[in-house]
Amino acid sequence: MAQFNINFLKISIFIMSNNLDFVAKLRNSGLRPTKQRIKICEILFGGKETFHFSINDLSKIVAQKTNEKISLATIYNTVHAFLGKGYLKQIAVNSEQSYYDTNVSDHHHFYDEDKNQLIDIHDCEVEPVKINKKIPGKKIKSIEVLVKVQNN
């Protein structure tokens, strides 16, 4: 019984710690930390792995993982508030479609046009990109390449 209480306490502290982090992210993004927005945070930032998603993808994930109805507008506004604060990164694959990434570090992507899927390209999988053109008065802030692929 004592082991159960210790494990339960560890889990409770972990959940409370994450929720406090989620509340801080929401408040820092100018959003009120509602139950629905905290659920969105759990999905976006509560996992061990980063992931890519569209707003519609996230809406489906939210519907699958929660028993609550969270409006598309709430999801959209939450994602865009996080985007504005740098908690998410936007990757435009064309003029009509954007994906979002929970990994906000500079990195490259494959975009599989057949599956409509972004795939990370890790630093060890690509040589440094060299840009020969210079723009007067400007310096390169980052280089992020999007490589579009399709079936043969």
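Could you list all residues from the range 21-37 that are assigned to a helix (DSSP H, G or I) and within 16 Å of GLU68 (Cβ to Cβ)? Even if it seems obvious, please write down each step before you answer.
Narrowing the range 21-37 to residues assigned to a helix (DSSP H, G or I): 21-28, 35-37.
Those that are assigned to a helix (DSSP H, G or I) and within 16 Å of GLU68 (Cβ to Cβ): PHE22, LYS35, GLN36, ARG37.
Would you check if VAL147 is surrounded by 11 or more Cβ atoms within 10 Å (Cβ to Cβ), in contact with a strand residue (DSSP E or B) (Cβ under 6 Å, 6 or more places away or on another chain) and not in a strand (DSSP E or B)? Spell out how you get there, then give the answer.
On the way: surrounded by 11 or more Cβ atoms within 10 Å (Cβ to Cβ): yes; in contact with a strand residue (DSSP E or B) (Cβ under 6 Å, 6 or more places away or on another chain): yes; not in a strand (DSSP E or B): no.
It is false that VAL147 is surrounded by 11 or more Cβ atoms within 10 Å (Cβ to Cβ), in contact with a strand residue (DSSP E or B) (Cβ under 6 Å, 6 or more places away or on another chain) and not in a strand (DSSP E or B).
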Restricting to the range 83-97, what's the tally of residues that are on the phi < 0 side of the Ramachandran plot, modelled with pLDDT of 95 or more and not aliphatic (A, V, I, L, M)? 5
Is it fair to say PHE53 is closer than 20 Å to LEU118 by Cβ, surrounded by 15 or more Cβ atoms within 10 Å (Cβ to Cβ), at pLDDT 95 or above and out of contact with any Phe, Trp or Tyr (no Cβ under 8 Å at 6 or more places or on another chain)? no
Quick check: anything in the range 129-138 closer than 19 Å to THR50 by Cα and of a type outside the set (Lys, Arg)? no
Scan of the range 1-49 for residues that are modelled with pLDDT under 90 and small (Gly, Ala, Ser), ordered by number: ALA2, SER12, SER17, GLY47
Check whether at least one residue in the range 64-72 is part of a loop (DSSP other than H, G, I, E, B), in contact (Cβ under 8 Å) with a residue 12 or more places away in the chain and within 17 Å of LYS148 (Cα to Cα), and report yes or no. no
Might you let me know whether the range 38-45 holds any residue that is farther than 23 Å from LYS115 by Cβ, in contact with a Gly (Cβ under 8 Å, 6 or more places away or on another chain), outside any loop (DSSP other than H, G, I, E, B) and not assigned by TED's automatic domain parsing to the domain that holds ASN116? no
Take the residues in the range 81-95 that are out of contact with any strand residue (DSSP E or B) (no Cβ under 9 Å at 6 or more places or on another chain) and part of a helix (DSSP H, G or I); name whichever of them is surrounded by the fewest Cβ atoms within 10 Å (Cβ to Cβ). GLY84
Is it the case that GLN117 is touching an Asp or Glu at 6+ places or on another chain (Cβ under 6 Å) and more than 14 Å from ILE40 (Cβ to Cβ)? no
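If you take the residues of the range 56-77 that are charged (D, E, K, R) and more than 12 Å from the chain's Cα centre (by Cα), which of them is modelled with the lowest pLDDT? First the steps, then the outcome.
Step one: of the range 56-77, the residues charged (D, E, K, R) are 57, 60, 65, 68-69.
Restricting the remaining residues to those that are more than 12 Å from the chain's Cα centre (by Cα) gives 60, 65, 68-69.
Working: LYS60: 94, LYS65: 91, GLU68: 83, LYS69: 86.
Step by step, filter the range 56-77, then rank; the result is GLU68.
The values are calculated or read from the model by the stated rules, or taken from the named source; none is laboratory data. All values derive from a computational prediction rather than experimental measurement. In this analysis, Cβ positions are derived from the backbone assuming ideal geometry, glycine residues included, and neighbour counts consider all displayed protein chains.
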